[in-house]
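The values are calculated or read from the model by the stated rules, or taken from the named source; none is laboratory data. Only a predicted model underlies this, so the values are computations on that prediction, with no experimental measurement involved. So basically every Cβ, Gly included, is an ideal-geometry build from the backbone, and we count neighbours across all protein chains shown. Note: accessible area is taken over every heavy atom of the protein model, side chains too, but ligands, DNA and RNA are not part of it. Shrake-Rupley method; radii C 1.70, N 1.55, O 1.52, S 1.80 Å.
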Number of protein chains: 2
Amino acid sequence: MEGVDHLAHERKTAQFDVEAMKVVWAGSKHELDLSDRMARLVASDPVFRKDNRTMLDRKELFKNTLKKAAHAWKRMHELRLTEEEAGKMRFFIDEPAYVDLHWGMFVPAIKGQGTEEQQKKWLPLAYKMQIIGCYAQTELGHGSNVQGLETTATFDPNTDEFIIHSPTLTSSKWWPGGLGKVSTHAVVYARLITDGKDYGIHGFIVQLRSLDDHSPLPGITVGDIGDKFGSGAYNSMDNGVLRFDHVRIPRDQLLMRLSQVTREGKYVQSDVPRQLLYGTMVFVRQTIVADASRALSRASCIATRYSAVRRQFGAQDGGPETAVLDYKTQQNRLFPLIASAYAFRFVGEWLKSLYTDVTQRLQANDFSTLAEAHACTAGLKSLTTSVTADGIEECRKLCGGHGYLSSSGLPELFAVYIPACTYEGDNVVLLLQVARFLMKTVSQLTTGKKPVGTTAYMGNIEHLMQCRCAVKTADDWLNPCAIQEAFEARAVRMAVNCAQNVSKAPSQEEGFFSLSADLVEAAVAHCQLIVVTKFIEKVQRGNVGDGVKEQLQVLCNIYALNLLHKHLGDFLVTGTITPKQGALVSEQLRSLYSKLRPNAVALVDAFNYTDHYLGSVLGRYDGNVYPALYEQAWKDPLNESDVPDGYAEYLRPVLKQQVRLARL
Amino acid sequence: MEGVDHLAHERKTAQFDVEAMKVVWAGSKHELDLSDRMARLVASDPVFRKDNRTMLDRKELFKNTLKKAAHAWKRMHELRLTEEEAGKMRFFIDEPAYVDLHWGMFVPAIKGQGTEEQQKKWLPLAYKMQIIGCYAQTELGHGSNVQGLETTATFDPNTDEFIIHSPTLTSSKWWPGGLGKVSTHAVVYARLITDGKDYGIHGFIVQLRSLDDHSPLPGITVGDIGDKFGSGAYNSMDNGVLRFDHVRIPRDQLLMRLSQVTREGKYVQSDVPRQLLYGTMVFVRQTIVADASRALSRASCIATRYSAVRRQFGAQDGGPETAVLDYKTQQNRLFPLIASAYAFRFVGEWLKSLYTDVTQRLQANDFSTLAEAHACTAGLKSLTTSVTADGIEECRKLCGGHGYLSSSGLPELFAVYIPACTYEGDNVVLLLQVARFLMKTVSQLTTGKKPVGTTAYMGNIEHLMQCRCAVKTADDWLNPCAIQEAFEARAVRMAVNCAQNVSKAPSQEEGFFSLSADLVEAAVAHCQLIVVTKFIEKVQRGNVGDGVKEQLQVLCNIYALNLLHKHLGDFLVTGTITPKQGALVSEQLRSLYSKLRPNAVALVDAFNYTDHYLGSVLGRYDGNVYPALYEQAWKDPLNESDVPDGYAEYLRPVLKQQVRLARL
């Protein structure tokens, strides 16, 4: 079967230049080449194989991850990879590991919160991995609410040291990745106490393990927090637990860019603006949005290819059955997910430029867009990760029974992805932050303060509160202006509605508390508008290749109109559109799905994923699914023998009616 | 901490008699006592421990399952358990195992499709487990569409045998539970061919393994299909693959109740009505609905208790933080799931009576309600399993980060539950069957044929097409008649709408095909109406204990109004309610959540689940969560040593800058 392409007929029907779309997806020719090169490098190296991950027990899996990380480090040096290349290589290795936290949290924390002197001391060690670090913030009893952390760092002026201590069980550090078994150091967040006063949460560099033999230092209890969702998945990561019993560290291991403690124990704030910290948050959340588009595109690629291979029902005159991709119920669930993957890709790209903009402004002491940028990234993080988590599971269901096999790749993709809904801000908590910002924006509209950035549309409130949607035919819904206006009107009306209801409460806080479910819905409406807007802008920006723009147009319309259909209640209850116009949405969606159908496989090919990265028997590029499934099955440890372990003790006595006598 | 009840204050605020509610939930005092007894029996037996499941590798897990099954079989005999007791015991052992298929599919298939003679021969062997059987229907390339199966059973008149054969790779039997490693026999579905003619799919009893040494018989290739979603979960089951190479079986192993092949090879149909098979389907789906309520109640019990323990934000003046159960966003997601668990429990109870009714009618050759009962069970299977699968994952998210730990029990509950969305009819395929039935019912309304059972409301079409909802205040939504009418009007209008659109298509089949996404939505509306109706009936049926009826009333209203809010678009687009009335729904929901709040913990206590059955550190009855989480963590194999396996090979060289020299 070598060389067969079972999806060739699907690829022939594509109406656009797939290579050009690959560039659009990657962001640039440079990005595409880089990704392509690194993906192939990883795929061709047997140390990086993934197909046995779900069969390894915890210890084997973890050891294997250590091996991959060390091998990657070695290869990066041998090949003299640039920082950019090394990052991509880690990405395609596609396995949660301590290095993620070292490079993604420990190093940035020192860069962002350390003084120049501290950076000079610690960063070279970290860059060479002579020390390995993690980020120890959350505690057993404390997650989202950082201000509730209990760990203390009490300054002892006698010895010029901080005493790090875990006063309660619930103050045990809990969850930090890389902490359980690997990290030699951590940035630990603790309540800074000096001269009897609690100055709140600050970061400290604390050494955890001996650099000689890796054993935990005195006063430190550290371990892994145990098995997590799924097989494989995040179990390659040593999320850890950490307790301090009066551990002493030098005073200069407080990260001191924003505040210092003097030799005498005096707490001093520096004049560095604290807003700088928000810049980091914008950066991190931007990468999470980019990850969402990758995970969702991966899942929808698997589901699309397999749906083109798999046939069910509809055989006429003994001919082949119908490919499930031809069923409207399949298109109706799958195509909006492909469209969402593209939508998130483009909004992620835009967020990158937003981050650059924010950074430049911060350097110029311009904080005017910071709150808006912060709300925007919080909202988009929440929206894209929630949709992606649900979307991966939907893709699994779209693969029927076989999606439940680990070899489909989807169970592990789901299990490894879902923490994104919780880390870096619980998705609901984030939406409430967005809602708070929206309420503030609404309240300031009357004061003449102009809303900026993604809330600029609210400046048009008078029009949006009373405009009527002009759509008369299903084709009118192809007009981006009609879509844009409908999403803006819905968002502003829901926000204003909430603001009015909140204002009826005895106090704003009470109103906010009791109406939080409605506020979350208003925040979602606002975030969806952002994604729709950025997608429309992307489509309009230019002609990039044969038929590419037309495909993006179809995807953009599917993305927007599917949302409109799903949240029809919002649009109707706010009077944004009429029931008749709502029915026309469904009609137009049917037509859009038919337009997408011949391009479906090519659109997921444009993600340019190797079979190694996809890690799915069902998503194979060549569509040769069934022999691969069959082959994979025999590799299960249970198939090592025909007669299973335990037959003699636990099956034979049952079959031979001797169970009553057996010692079980 | 022994004996502490951290949730005592929550239990004190309950406004109803929990013991009385336990009886309501169980169905009767007898059921409650039975469940209670069996649950405790299992919980107190160390062989049945579950807390290490997710740490075992596949072979250990599977062997452990064999052990549990044998031990259970032994205990059932020692204690002389009745069939009812034994079934409950298996249920509380709570681990997918080959016995499920033996008792749940193999034995019933012989009972339902075998002649009296065949039953006499095979059932005693099966009852004593001298043979162990499974149900081999689905194939590698064929799932939902039974008519597409490829395995052949060709009659050879020379030897009076059938030749069972797998002509292609895709005809390999694939998925049957208990097949991979255990079953000695299977009911195999294959195309019956005699005298050169294909008579379609029939069931055959085929021996797979030697009763002497358990090795596969000649011509039979059999094994496990490999790792599945999650750790633990369904990996305790040996879902199998099976290929036949011209395997011969005696003619009398065709299950012959409905059709026979004579000695000469003539195919003969018996006069037993084929509709009898539908009775079995109604039975099986009824049990799936009951399972849905159990799984959802279990997940919501865990999430509710932990939400009462867990505190986040809102600390004032250094006091404790606010229990997350007090947050409206938490209530708004969790309380409808508690309500759904109750709703599914009651609709499942009603389905049991429907099954009895159908069976009695079938015995009297009355097939008048069969199609309706079939559609109804198909729809309820689809609705309840979909909501439950999503609901378990929602409960996991409601537990924050800790829900991602295996020790929370929720990952495994999700992984083990989700196949219910696919087996016994893919949920979307089932909804399309319901839709077909609805379209038929609508088309017959003009012919004067009266709709029966759960479609009876359609007889009231004239009123329902033009009635206006009378709700004027939020409290008017507490009126069950208003709710009932709104759900009926929405369902009938969506069905009629679809019927009209289908009729515009060139052919009915084309219309059905192109509008299938709309048809699915109409089917969902119909199924939700059934659940709402049965819940309302249950509430009205009687006063069963102090405050119990009031609580059921609140739950029923939450169930219905939350659906109304979620599907507001349906209600508005069909003109069933006005935007203003839609807004009143949200208002009433807020008030209902406040009413439920003080009873939340008691309402999940009423499920009467032991800590063993719940299998969750977060869901502990005593709420003593954090010490238990902490203790559980240290049991992970990674914590067997301070310095992890692999340190010398893969970490030390990195830290010591020797990676370039290391052999990795």
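Values computed for the structure shown
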{"quantity": "Of all residues making up the stretch A:462-477, the number that are surrounded by fewer than 19 Cβ atoms within 10 Å (Cβ to Cβ) and of a type in the set (Val, Ile, Thr)", "calculated": "1"}
{"quantity": "B:LEU405 being farther than 28 Å from B:MET55 by Cα, modelled with pLDDT of 95 or more and of a type in the set (A, V, I, L, M, F, W, C)", "calculated": "no"}
{"quantity": "Criterion violated by B:PHE313 - all others in (1) away from every other protein chain (no Cβ under 14 Å); (2) outside any helix (DSSP H, G or I) satisfied", "calculated": "(1)"}
{"quantity": "Any pair with Cβ under 7 angstrom, 6 or more apart, that starts in the stretch B:560-574 at a residue that is over 7 Å from A:GLY569 (Cα atoms) and ends at one that is open to solvent by 10 Å² or more (accessible area, probe 1.4 Å) and hydroxyl-bearing (Ser, Thr, Tyr)", "calculated": "B:HIS565/B:SER586"}
{"quantity": "Selection from the stretch A:363-413 of residues that are part of a helix (DSSP H, G or I), among the β-branched types (Val, Ile, Thr) and open to solvent by 10 Å² or more (accessible area, probe 1.4 Å)", "calculated": "A:VAL387"}
{"quantity": "Subset of the stretch A:180-194 (residues that are among the hydrophobic types (A, V, I, L, M, F, W, C) and more than 20 Å from A:GLN113 (Cα to Cα))", "calculated": "A:VAL182"}
{"quantity": "Odd one out for B:SER144, checked against (1) at positive phi; (2) open to solvent by 30 Å² or more (accessible area, probe 1.4 Å); (3) within 8 Å of another protein chain (Cβ to nearest Cβ)", "calculated": "(1)"}
{"quantity": "Candidates B:ARG90, B:ARG80, filtered to the one that is of a type in the set (D, E, K, R) and crowded, with 20+ Cβ neighbours inside 10 Å", "calculated": "B:ARG90"}
{"quantity": "Selection within the stretch A:366-394 - within 13 Å of another protein chain (Cβ to nearest Cβ) and among the hydrophobic types (A, V, I, L, M, F, W, C)", "calculated": "A:ALA389, A:ILE392"}
{"quantity": "A:VAL47 vs. criteria within 14 Å of another protein chain (Cβ to nearest Cβ), of a type outside the set (Phe, Trp, Tyr) and surrounded by fewer than 18 Cβ atoms within 10 Å (Cβ to Cβ)", "calculated": "yes"}
{"quantity": "Selection within the stretch B:124-137 - more than 7 Å from chain A (Cβ to nearest Cβ) and either more than 19 Å from B:PRO216 (Cβ to Cβ) or assigned to a helix (DSSP H, G or I) (or both)", "calculated": "B:PRO124, B:LEU125, B:ALA126, B:TYR127, B:GLN137"}
{"quantity": "Positions within the stretch A:194-214 being open to solvent by 40 Å² or more (accessible area, probe 1.4 Å) and at negative phi, in sequence order", "calculated": "A:LYS197, A:ASP198, A:TYR199, A:GLN207, A:LEU211, A:ASP212, A:ASP213"}
{"quantity": "Matching residues, the stretch A:155-178, being of a type in the set (Ser, Thr, Tyr) and in a loop (DSSP other than H, G, I, E, B)", "calculated": "A:THR159, A:SER166, A:THR168, A:SER172"}
{"quantity": "Some residue of the stretch A:25-47 being in contact with a Leu (Cβ under 7 Å, 6 or more places away or on another chain), touching a residue at least 24 places away in the same chain (Cβ under 8 Å) and not aliphatic (A, V, I, L, M)", "calculated": "no"}
{"quantity": "Failed item, numbered, when B:SER297 is tested on (1) within 30 Å of A:THR138 (Cα to Cα); (2) surrounded by fewer than 23 Cβ atoms within 10 Å (Cβ to Cβ); (3) of a type in the set (S, T, N, Q)", "calculated": "(2)"}
{"quantity": "Hits in the stretch B:201-242 (condition: more than 7 Å from every other protein chain (Cβ to nearest Cβ) and hydroxyl-bearing (Ser, Thr, Tyr))", "calculated": "B:SER210, B:THR221, B:TYR234, B:SER236"}
{"quantity": "Count of residues meeting criterion [touching a helix residue (DSSP H, G or I) at 6+ places or on another chain (Cβ under 9 Å), at pLDDT 95 or above and open to solvent by less than 40 Å² (accessible area, probe 1.4 Å)] in the stretch A:95-104", "calculated": "6"}
{"quantity": "Contacts under 9 angstrom Cβ, first residue in the stretch B:500-520 being within 12 Å of A:TYR327 (Cβ to Cβ) and within 11 Å of chain A (Cβ to nearest Cβ), partner hydroxyl-bearing (Ser, Thr, Tyr) and part of a loop (DSSP other than H, G, I, E, B), 6 or more apart", "calculated": "B:PHE513/A:TYR327; B:SER516/A:TYR327"}
{"quantity": "Output for the stretch B:424-445, where each listed residue is within 11 Å of chain A (Cβ to nearest Cβ) and either open to solvent by 20 Å² or more (accessible area, probe 1.4 Å) or closer than 29 Å to B:ALA628 by Cβ (or both)", "calculated": "B:ASP426, B:VAL428, B:VAL429, B:LEU432"}
{"quantity": "Residue among B:THR280, B:THR329 that alone is open to solvent by 10 Å² or more (accessible area, probe 1.4 Å), among the β-branched types (Val, Ile, Thr) and over 23 Å from B:ILE530 (Cβ atoms)", "calculated": "B:THR329"}
{"quantity": "Options A:GLY545, A:GLY448, A:GLY459: the member that is open to solvent by 10 Å² or more (accessible area, probe 1.4 Å), part of a helix (DSSP H, G or I) and not basic (Lys, Arg)", "calculated": "A:GLY459"}
{"quantity": "Residue pairs meeting the criteria (Cβ under 8 Å; at least 6 apart or on separate chains; first more than 9 Å from chain B (Cβ to nearest Cβ), in the stretch A:412-423; second aromatic (Phe, Trp, Tyr))", "calculated": "A:VAL416/A:TYR234"}
